[in-house]
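Q: Encoded as structure tokens, here's the structure I'll be asking about.
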Amino acid sequence: MDLGVHLPQVDLTGEGLSLRRVTESARAARDAGYAAVSANDHLFFSRPWLDGLTALAAVVEHSGDLELATTVALPTVRGPLPLAKALTALDVVSGGRVVAGIGAGSSRTDLAAVGVDFDDRWRRLDLDAALLRQVLRGEPAPGGHLEPGPVRPGGIPLWLASWGSPAGLRRVARRGEGWLASAYHTDPERFRAGRSLLREALAEAGRDDLPAALATMWTWVTEDEEEAAQVLRRHLAPMLSADPDALLTHVCVGPAGRCAELLSAYAEAGCSRVYLWPIGEDPRQLELVAEQVLPRL
């Protein structure tokens, strides 16, 4: 299992949103040996949210050879062809480093803002995923080829997000080149069960096994248990409208040993990558993970 990094798109601790923060985070990930940087989509959120594709474009020159992943982008919000155009442009300027993770979206506000019925989002995702898979391989879109096309050999990989429902995993098996799960909506045992369901769906579809990754793993490494509790209570739980005690078992907040145990359990359950999202102090937290957590995996 390797590790990726979510760029700081939302301010949890009062550090603000800036070019400096996203570039410092990308450089720290590059220097510490991470595998990828990533960004997510939201139009509206409980706090200001920095646009994901813009954040990824901003770190192209600072991220070395790290992959640039969307975890996830929302074709039903952006439009599948405009999203494909942006992803292929990012692939060109980064020298072929893009991985496209897409999902249906879980925000009624985002979907309503672009005139999409919330209950219609899965049908729309099926259509969008089929079109994106075609275009991201460099094949024609309705109206012709989108130029320039992707430069990554074989095209841009398309991963589909699912919280692990049978229907969602069947969709991954039909359309995806990887499954992207959500860290605070699962646990290692549920993830393992999802991997099993995915393999069954792939076998029925006549396809080989696919990799699986975990996004949005909120992270704050500290040996001080009280500090960890305060980070959850003050910063993370209010934003997610979640019980801080329940969150504790789902996120990498607390001692390095506990974080290593959680990540190791996901590795044993078949997870090939976890995208960490530092709650703040991004470069320092990424260094702590590299120095104190990774060696214990």
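The values are calculated or read from the model by the stated rules, or taken from the named source; none is laboratory data. No experiment lies behind these values; they were computed from the predicted model shown. Don't worry about glycine lacking a Cβ; one is built from the backbone with ideal geometry, like all the others, and counts go over all protein chains shown.
Q: Kindly indicate whether LEU214 is out of contact with any Gly (no Cβ under 8 Å at 6 or more places or on another chain), surrounded by 15 or more Cβ atoms within 10 Å (Cβ to Cβ) and within 29 Å of ALA35 (Cα to Cα).
A: Here the answer is yes, as LEU214 does meet what is asked.
Q: With the structure loaded, tell me whether THR23 is without any contact (Cβ under 8 Å) to a residue 24 or more places away in the chain and β-branched (Val, Ile, Thr) or whether it fails that test.
A: So THR23 fails the test.
Q: When the residues of the stretch 133-145 are narrowed to those that are buried (at least 19 other Cβ atoms within 10 Å of the Cβ) and more than 22 Å from GLY164 (Cβ to Cβ), which ends up nearest to the chain's Cα centre (by Cα)? Before the answer, list the steps.
A: Kept after step one, since they are buried (at least 19 other Cβ atoms within 10 Å of the Cβ), are these residues of the stretch 133-145: 133, 135-136.
Restricting the remaining residues to those that are more than 22 Å from GLY164 (Cβ to Cβ) gives 135-136.
Values: VAL135: 21, LEU136: 18 Å.
Among those residues, the one meeting the criterion is LEU136.
Q: Could you check how many residues of the stretch 71-125 are within 15 Å of GLY155 (Cβ to Cβ) and among the polar types (S, T, N, Q)?
A: Going through the stretch 71-125 one residue at a time, the tally reaches 2.
Q: In the stretch 146-178, what residues are touching a Pro at 6+ places or on another chain (Cβ under 9 Å) and either of a type in the set (A, V, I, L, M, F, W, C) or exposed (fewer than 13 other Cβ atoms within 10 Å of the Cβ) (or both)?
A: If the condition is that a residue be touching a Pro at 6+ places or on another chain (Cβ under 9 Å) and either of a type in the set (A, V, I, L, M, F, W, C) or exposed (fewer than 13 other Cβ atoms within 10 Å of the Cβ) (or both), then LEU146, ILE156, TRP159 are the ones that fit.
Q: Does at least one position in the stretch 47-66 carry a residue that is part of a helix (DSSP H, G or I) and in contact with a Gly (Cβ under 8 Å, 6 or more places away or on another chain)?
A: No, because not a single residue in the stretch 47-66 is part of a helix (DSSP H, G or I) and in contact with a Gly (Cβ under 8 Å, 6 or more places away or on another chain).
Q: On to the next question. Checking the conditions here, which among LEU90, LEU83 is more than 27 Å from LEU169 (Cβ to Cβ), part of a helix (DSSP H, G or I) and either touching a strand residue (DSSP E or B) at 6+ places or on another chain (Cβ under 8 Å) or of a type in the set (Lys, Arg) (or both)?
A: LEU90
Q: Among the candidates ALA104, ALA112, ALA129, which residue alone is more than 30 Å from ALA260 (Cβ to Cβ), surrounded by fewer than 22 Cβ atoms within 10 Å (Cβ to Cβ) and small (Gly, Ala, Ser)?
A: The unique qualifying residue is ALA112.
Q: So, of the residues in the stretch 67-80 that are of a type in the set (Val, Ile, Thr) and in a helix (DSSP H, G or I), which turns out to be nearest to GLU177 (Cα to Cα)?
A: Per the criteria, the residue is THR76.
Q: Also: Quick check: anything in the stretch 74-87 more than 18 Å from PHE118 (Cβ to Cβ), β-branched (Val, Ile, Thr) and at pLDDT 95 or above?
A: There is no residue in the stretch 74-87 that is more than 18 Å from PHE118 (Cβ to Cβ), β-branched (Val, Ile, Thr) and at pLDDT 95 or above.
Q: Let me ask another. Counting only residues that are touching a residue at least 60 places away in the same chain (Cβ under 8 Å) and assigned to a helix (DSSP H, G or I), which one in the stretch 159-184 is nearest to TYR266 (Cα to Cα)?
A: Going through the qualifying residues, I end up with ALA183.
Q: Of these, TRP163, TRP159, which one is aromatic (Phe, Trp, Tyr) and modelled with pLDDT of 95 or more?
A: The unique qualifying residue is TRP159.
Q: Residue check, ALA256 against (1) at pLDDT 95 or above; (2) exposed (fewer than 14 other Cβ atoms within 10 Å of the Cβ), all met but one. Which one?
A: (2) is the only condition that ALA256 fails.
Q: Could you list all residues from the stretch 236-253 that are surrounded by 14 or more Cβ atoms within 10 Å (Cβ to Cβ) and touching a residue at least 24 places away in the same chain (Cβ under 8 Å)?
A: Passing the criteria: LEU236, MET239, LEU240, ALA242, LEU247, HIS250, VAL251, CYS252, VAL253.
Q: Please list, ordered by first then second residue, the pairs with beta carbon atoms under 6 Å, 6 or more apart or interchain, first in the stretch 279-290 and closer than 23 Å to ARG47 by Cα and of a type in the set (Val, Ile, Thr), second modelled with pLDDT of 95 or more and not in a helix (DSSP H, G or I).
A: That search, which allows pairs on different chains as well, returns ILE279/TRP218; ILE279/TRP220.
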